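**Student:** Got a structure here, written out as structure tokens. Questions coming.
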Amino acid sequence: MNKSELIKTLAEKNDIHVDEAALVVNTFFDSIKDSLINEERVEIRGFGSFKLKDYGGYTGRNPKTGEVVEVSPKKLPFFRPGKELKEYVNK
């Protein structure tokens, strides 16, 4: 399922206009992004949690040319599924 399918499903299940559903979905995702930018953990009970993980820099190698390159440190979003989501998927 992609974002537009999610919006369509939300609109159909709740009998609302697609524009309203898009506003809800976009607000939801924007709120998660804003919290992660502020380095806050986002927890959705029964679903899972999002947080940022710090990855240190390292020396890598370009697989095409074999050239040694330095990869700078970065932060990446990390999702950890909650217990209920794991149980639901593994029924």
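The values are calculated or read from the model by the stated rules, or taken from the named source; none is laboratory data. Everything numeric in this text was worked out from a predicted model, so none of it was measured. Cβ placement follows ideal geometry from the backbone for every residue including glycine, while neighbour counts extend to all protein chains displayed. For the accessible areas, the whole protein counts, side chains as well, though only heavy atoms, and no ligand, DNA or RNA atoms are used. Shrake-Rupley method; radii C 1.70, N 1.55, O 1.52, S 1.80 Å.
**Student:** Cβ contacts < 7 Å: first residue on the phi < 0 side of the Ramachandran plot, restricted to the stretch 67-91; second residue assigned to a helix (DSSP H, G or I) and not small (G, A, S), any location; separation 6+ or different chain. Result?
**Tutor:** Within 7 Å, the pairs are P77/L36.
**Student:** What are the residue pairs meeting all of these: first residue in the stretch 20-47, first residue aromatic (F, W, Y), second residue outside any helix (DSSP H, G or I) and surrounded by 12 or more Cβ atoms within 10 Å (Cβ to Cβ), Cβ atoms under 6 Å, and 6 or more apart or on different chains?
**Tutor:** Here the result reads F47/G82, each pair linking the stretch 20-47 to a residue that is outside any helix (DSSP H, G or I) and surrounded by 12 or more Cβ atoms within 10 Å (Cβ to Cβ).
**Student:** Another question about this same structure. Pairs under 7 Å by beta carbon, first residue at pLDDT 95 or above in the stretch 1-16, partner open to solvent by 60 Å² or more (accessible area, probe 1.4 Å), six or more apart or different chains?
**Tutor:** Filtered contacts from the stretch 1-16: I7/V18; K8/V18; L10/V24; A11/H17; A11/V18.
**Student:** Okay, moving on. Could you please let me know if K53 is more than 12 Å from the chain's Cα centre (by Cα) and over 26 Å from I7 (Cα atoms)?
**Tutor:** yes
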